[in-house]
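Student: Mind having a look at this structure? Questions to follow.
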Amino acid sequence: MNPQLYQLAKKVLFRMDPEQAHTITLAGLRLAEKLHVLPLVAGERISDPVTVMGLKFPNRVGLAAGMDKEANTVAAFGHLGFGFVEVGTLTPRPQPGNPKPRLFRCIPQQAIINHMGINNPGVDRGVENIQATRNFQGVLGVNISKNKVTPNSEAHQDYLACLRAAWDVADYITINFSCPNVPNLQDLAKADSAADLLSLLKSEQSNLSGETGRYVPLVMKVSPDMSESQIKDLAHVFLDCQLDGLICTNTTTTRIGVEDHPAAKESGGMSGKPLYHRANETLEAFAQELRGQIPIIGAGGITTPEDAVAKIRAGASLVQLYTGFIYNGPPLVHGAAAAIRDMKA
């Protein structure tokens, strides 16, 4: 896509409320995909095949969870150049999320603060949407979590229910236990709790694999707000449980880089350019602990092709975009995929 064309569209969308703009954008993408005009506008997807977690990715640049919450725009995002798309987060039952307003732009800093609260239509509807709309020649990830009203003591039941529901449509499944917008969810990332949850999920993965004849990798998404000791402890859990993949990172509760912006006072997780260095530090720390035994997907703060390359050099096998995509559009997808393809070893 011509960068000037996207900047013109962004100028219009950024005059709207952020959540309204998001809804309109996804509806527009679905319409454009239905009319078969996206390939004409976006151009050819960069080809850079790679196998990670036993899955063949057309290129190394993916869309992070949180953009396609209802899992109904997968094909359209594929036409924008992504090699893989992660939908959700989906929970067992539908939930409306937190009260509005809950999404805020920090435009000068290329950041977003969100307090969405994992609003989604529920995993059954999400799966139906995937089945009805999927025309995507890439890898599909499904991001799952527990419902807000489910106590942590019963969280495993929610994750297991979502795992079973998404199994047949997902190429990989991501366990979201790091969203800062659900009370106490990050308590599940403590080493003992994570080990208990992951052991149960890996056991069910084995059962479902035997029943269906297909293996769906399990991925966990971690917070950038962990201490060095927490990272070490979690890395040991992931290695012991033979986790298939790791996403570094989710959003941050810090406001480093946006301290003077009016939206900094809003609660929620911050994503975008100010997160970049902290997300990379977390990625590098996990890469050092995991020693190449578990592949890492690098997310957090990518706003240029060079940022994407740096995450690969830091130890990631794949990268994901979210906020950088909002600010820079499809040209960033193509630019990042091409830069990674062309990077020197």
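Student: Given the conditions (1) over 21 Å from Thr249 (Cα atoms); (2) in a strand (DSSP E or B); (3) charged (D, E, K, R), and given that Arg105 satisfies all but one, which numbered condition is not satisfied?
Tutor: Every condition holds for Arg105 apart from (1).
Student: Something else now. Looking at the range 123-144, which of its residues are within 12 Å of Val87 (Cα to Cα) and out of contact with any helix residue (DSSP H, G or I) (no Cβ under 7 Å at 6 or more places or on another chain)?
Tutor: Once the filter is applied, which keeps residues that are within 12 Å of Val87 (Cα to Cα) and out of contact with any helix residue (DSSP H, G or I) (no Cβ under 7 Å at 6 or more places or on another chain), the range 123-144 yields Gly126, Asn129, Val139, Gly141, Asn143.
Every residue, every condition in (1) at pLDDT below 95; (2) aromatic (Phe, Trp, Tyr); (3) touching a Gly at 6+ places or on another chain (Cβ under 8 Å); (4) within 30 Å of His236 (Cβ to Cβ), yes or no:
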position: Glu289; (1), (2), (3), (4): no, no, no, yes
position: Gly301; (1), (2), (3), (4): no, no, yes, yes
position: Pro305; (1), (2), (3), (4): no, no, yes, no
position: Thr323; (1), (2), (3), (4): no, no, yes, no
position: Gly329; (1), (2), (3), (4): yes, no, no, no
position: Ala339; (1), (2), (3), (4): no, no, no, no
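Student: Another one. Since Met343 meets every condition but one in (1) touching a helix residue (DSSP H, G or I) at 6+ places or on another chain (Cβ under 7 Å); (2) free of Cβ contacts under 8 Å to residues at least 40 places away in the same chain; (3) surrounded by 19 or more Cβ atoms within 10 Å (Cβ to Cβ), which condition does it not meet?
Tutor: (3)
Student: Show me the helices (runs of 4 or more DSSP H) entirely contained within the range 264-345 in which 3 or more residues are farther than 20 Å from Val87 by Cβ and of a type in the set (A, V, I, L, M).
Tutor: Hits in the range 264-345: 276-290, 305-313, 330-342.
Student: Please work out which residue is nearest to Asn114 (Cα to Cα), limiting yourself to the range 76-91 and to residues that are modelled with pLDDT of 95 or more and part of a strand (DSSP E or B).
Tutor: By that ranking, first place goes to Thr89.
Student: List the pairs whose first member sits in the range 321-340 and is under 20 Å from Gln4 (Cβ atoms) and in contact (Cβ under 8 Å) with a residue 60 or more places away in the chain, whose second member is polar (S, T, N, Q) and in a helix (DSSP H, G or I), and whose Cβ atoms are under 8 Å apart, counting only residues at least 6 apart or on separate chains?
Tutor: Pairs found: Gly329/Gln7.
Student: Looking at the range 309-325, which of its residues are open to solvent by 10 Å² or more (accessible area, probe 1.4 Å) and either basic (Lys, Arg) or out of contact with any helix residue (DSSP H, G or I) (no Cβ under 8 Å at 6 or more places or on another chain) (or both)?
Tutor: Arg313, Ser317, Tyr322
Student: Got a sec? Which of Ala189, Ala155 is under 22 Å from Asp233 (Cα atoms), over 20 Å from the mean Cα position of the chain (by Cα) and not β-branched (Val, Ile, Thr)?
Tutor: Criteria check complete, one pass: Ala155.
Student: If you don't mind, another one. Can we say Pro101 is in contact (Cβ under 8 Å) with a residue 12 or more places away in the chain, over 20 Å from the mean Cα position of the chain (by Cα) and open to solvent by 10 Å² or more (accessible area, probe 1.4 Å)?
Tutor: yes
Student: Further, regarding this structure: Do we have Asn250 as closer than 26 Å to Asp307 by Cα, in a helix (DSSP H, G or I) and under 18 Å from the mean Cα position of the chain (by Cα) here?
Tutor: No; evaluated as a whole, the condition is false for this residue.
Student: Which of the numbered conditions does Pro262 fail, given that it passes all the others? Conditions: (1) closer than 20 Å to Leu103 by Cβ; (2) open to solvent by less than 20 Å² (accessible area, probe 1.4 Å).
Tutor: (2)
The values are calculated or read from the model by the stated rules, or taken from the named source; none is laboratory data. Since we're looking at a predicted model, the values are computed, not measured. Note that each Cβ is placed from the backbone with ideal geometry, even for glycine, and that neighbours are counted across all protein chains shown. Ligands, DNA and RNA are excluded from the accessible area calculation, which covers all protein heavy atoms including side chains. Shrake-Rupley method; radii C 1.70, N 1.55, O 1.52, S 1.80 Å.
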